[in-house]
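The values are calculated or read from the model by the stated rules, or taken from the named source; none is laboratory data. If you're wondering where the values come from, they're calculated on a predicted model, not measured in any experiment. Reconstructed Cβ throughout: ideal geometry from the backbone, glycine too, with neighbour counts over all protein chains shown.
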């Protein structure tokens, strides 16, 4: 599969079509990488204040973090074990917080995750 910016959700589409676990995991990993690259691109030349003042920018980052968490949650345990240095539980937990506690987003957490953890996640998956 080809990595394409902004085209996440391949994994869920394959899951609904009865693909093999390996095919689904490949698609979910691609979704995670795509979301990481999208975050990196959106953060370019941005500051924390942009996250506070620009709702669309903040929503875009949150959306990509949510995709990462959802795709991580759908990965098989076998694939997760292939990347022991990645805290899969934390990625899913962040997704759950962002999705279910949307009325009080923790902007410093979002900013720090996007700037520190996402580049690390991407490097571990490459």
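Taken over the stretch 57-82, the criterion of being out of contact with any helix residue (DSSP H, G or I) (no Cβ under 6 Å at 6 or more places or on another chain) and not in a helix (DSSP H, G or I) is satisfied by 82 alone. For the residues 43, 65, the requirement of being more than 13 Å from the chain's Cα centre (by Cα) and under 14 Å from residue 117 (Cα atoms) singles out 43. Based on what the data block shows, is residue 37 under 15 Å from the mean Cα position of the chain (by Cα) and over 14 Å from residue 114 (Cβ atoms)? The answer is no for residue 37. Taken together, 38, 34 contain a single residue that is part of a helix (DSSP H, G or I), modelled with pLDDT of 95 or more and out of contact with any helix residue (DSSP H, G or I) (no Cβ under 7 Å at 6 or more places or on another chain), which is 34. Pairing each residue of the stretch 75-90 that is at positive phi and surrounded by 10 or more Cβ atoms within 10 Å (Cβ to Cβ) with any residue that is modelled with pLDDT of 95 or more and in a loop (DSSP other than H, G, I, E, B), provided the two are 6+ apart or on different chains, yields no C-beta distance under 9 Å. Take the conditions (1) at pLDDT 90 or above; (2) under 15 Å from the mean Cα position of the chain (by Cα); residue 8 misses just one of them, which is (1).
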